[in-house]
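Accompanying notes for the structure given below.
The values are calculated or read from the model by the stated rules, or taken from the named source; none is laboratory data. A quick note: this is a predicted structure, and the numbers were derived from the prediction, not measured. Heads up, the Cβs are rebuilt from the backbone with ideal geometry, glycines too, and the neighbour counts pull from every protein chain shown. Only protein heavy atoms, including side chains, enter the accessible area calculation; ligands, DNA and RNA are left aside. Shrake-Rupley method; radii C 1.70, N 1.55, O 1.52, S 1.80 Å.
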Amino acid sequence: MTIAVLAVQGAFIEHEKMLKQIGVQCFEIRQRKDLEQPFDGLILPGGESTVQGKLLKELELFKPIKKKIEEGMPVFGTCAGLILLARQLSNDTHTYFGTLPVTVKRNAYGRQLGSFYIESEVKGIGKIPMNFIRAPYIEQAADEDILAKVDGNIVAVRHDNQLGISFHPEVTNCTKIHEYFCEMVKQYKKCVYSNV
Ligand code: GLN
């Protein structure tokens with residue numbers, strides 16, 4: 001299994017470290033030609049969604065990545081990555097890939113002081129450490145897609161091939177969410193393989 005990590009801006013190195021820790025091969029997507037290498041899943045890291053959105057378009061990565069997500073390739077967005085996936089933003093007129101059927105509020109805990117740490121439960125995974133850094137939360141999602149809530153706010157969802165979370169597991173030493181995503185990728189690979 002090979003996972004690609006979008007590396008135009010933000011916390012991509014931390015995700016690569018997590019993948020290496022669990023023995024999963026990965027490489028960075030920085031430019032259009034990087035998409036020519038085969039990969040089975042994609043991580044969209046945290047950072048600044050407006051900058052990432054702009055760079056994705058300038059580097060001509062936006063359309064081919066959107067197409068892959070729409071075709072069913074597993075994708076995992078953390079924080080800014082979740083914002084890029086969201087179908088709607090409640091406090092911003094922009095949308096990016098728009099593939100994940102949720103409404104997300106950017107900087108939902110405040111712009112600077114809204115960073116905090118908590119340990120909380122994720123459905124199917126258990127209790128894990130969560131680092132929120134100028135984080136969004138999810139205001140609306142289908143009940144069956146919700147994986148975690150903190151203080152009543154939705155902070156993790158899964159919809160088919162898309163996993164979106166508000167917090168940053170890659171800055172903790174807990175690899176459970178990455179393992180969960182790799183399991184999604186494994187199932188997807190099995191599916192594609194059996195359809196050939
Ligand atoms: N506040 C950032 C944004 O709106 C997201 C923060 C993060 O990824 N840690 O894009």
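Of note:
- Residue 155, sole failed condition from (1) more than 12 Å from residue 124 (Cα to Cα); (2) open to solvent by 20 Å² or more (accessible area, probe 1.4 Å): (2)
- Among the residues of segment 109-123, those that are surrounded by fewer than 18 Cβ atoms within 10 Å (Cβ to Cβ) and farther than 12 Å from residue 156 by Cα comprise 110, 111, 112, 113, 114, 115, 116, 117, 118, 119.
- Qualifying residues in segment 148-171 (those that are touching a residue at least 60 places away in the same chain (Cβ under 8 Å), closer than 20 Å to residue 80 by Cβ and more than 14 Å from the ligand (Cβ to nearest atom)) - the one nearest to the chain's Cα centre (by Cα): 163
- Checking each residue in segment 53-92 for being aromatic (Phe, Trp, Tyr) and either surrounded by fewer than 20 Cβ atoms within 10 Å (Cβ to Cβ) or modelled with pLDDT under 95 (or both) picks out only 62.
- Checking each residue in segment 11-68 for being touching a residue at least 60 places away in the same chain (Cβ under 8 Å) and more than 13 Å from the ligand (Cβ to nearest atom) picks out 17, 18, 19, 21, 22, 24, 40, 41.
- Residues within segment 163-174 that are part of a strand (DSSP E or B) and either closer than 16 Å to residue 106 by Cα or open to solvent by 10 Å² or more (accessible area, probe 1.4 Å) (or both), tallied: 2
- Residue 4 more than 19 Å from residue 74 (Cβ to Cβ) and either of a type in the set (Phe, Trp, Tyr) or open to solvent by less than 50 Å² (accessible area, probe 1.4 Å) (or both): no
- When residue 177 is tested against the conditions (1) part of a helix (DSSP H, G or I); (2) farther than 23 Å from residue 71 by Cβ; (3) open to solvent by 70 Å² or more (accessible area, probe 1.4 Å), the lone failure is (3).
- Matching residues in segment 132-147 - criterion: being of a type outside the set (Ser, Thr, Tyr), surrounded by 20 or more Cβ atoms within 10 Å (Cβ to Cβ), within 16 Å of the ligand (Cβ to nearest atom) and assigned to a strand (DSSP E or B): 132, 138
- Residue in segment 93-107 that is nearest to residue 9 (Cα to Cα), counting only those that are at pLDDT 95 or above and open to solvent by 10 Å² or more (accessible area, probe 1.4 Å): 96
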